[in-house]
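One structure is given below, encoded as structure tokens.
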Amino acid sequence: GVGMGMTAPVSITAFPAEDGSFQQKVKVSLRIPSQFQANPPCPTDESIKIEEREGMTIYSTQFGGYAKEADYVSYAAKLKAALGNDAAYRKDFYLCNGYDPPMKPYGRRNEVWFVKE
């Protein structure tokens, strides 16, 4: 019964298939606002889980526009190429982040994150 409003970023955990596209399984994560973090309201929908995300070091790339799956896949491939073979990061998933409300037409910010091992 508590409204928290929109938070940023909206983070989608993508599990890449062999061809680089998203598998059917994705996880959408929203940041709980600061005032609720010590004692978050309990979800009424059983499919919603509260998880604590540990601190992490990431490799990141940023791009603009209305991001679609193809954009995230493309920028993940570019980030992978830029990192080369020497960087150690999780290969089984990456994070796709959007920072803007749907109605913002210009100056949109999106990021792809690889989690450093």
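Okay, here's what the table says:
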read-out: Residue list for region 78-117, restricted to those being farther than 18 Å from residue 16 by Cα and hydroxyl-bearing (Ser, Thr, Tyr); value: 99, 106
read-out: Residue match in region 98-105 (condition: of a type in the set (Gly, Ala, Ser), open to solvent by less than 60 Å² (accessible area, probe 1.4 Å) and within 23 Å of residue 25 (Cα to Cα)); value: yes
read-out: Restricting region 68-117 to residues that are among the hydroxyl-bearing types (Ser, Thr, Tyr) and closer than 13 Å to residue 13 by Cβ, the residue that is nearest to the chain's Cα centre (by Cα); value: 94
read-out: Verdict on residue 58 being in contact with a strand residue (DSSP E or B) (Cβ under 8 Å, 6 or more places away or on another chain), surrounded by 12 or more Cβ atoms within 10 Å (Cβ to Cβ) and within 21 Å of residue 100 (Cα to Cα); value: yes
read-out: Scan of region 66-87 for residues that are surrounded by 12 or more Cβ atoms within 10 Å (Cβ to Cβ) and either among the basic types (Lys, Arg) or out of contact with any Ser or Thr (no Cβ under 9 Å at 6 or more places or on another chain) (or both), ordered by number; value: 66, 67, 71, 72, 74, 77, 78, 80, 83, 87
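The values are calculated or read from the model by the stated rules, or taken from the named source; none is laboratory data. Not measured: the values here are computed from a predicted model. So basically every Cβ, Gly included, is an ideal-geometry build from the backbone, and we count neighbours across all protein chains shown. Just so you know, the surface numbers come from the protein's heavy atoms only, side chains and all, with ligands and any DNA or RNA stripped out. Shrake-Rupley method; radii C 1.70, N 1.55, O 1.52, S 1.80 Å.
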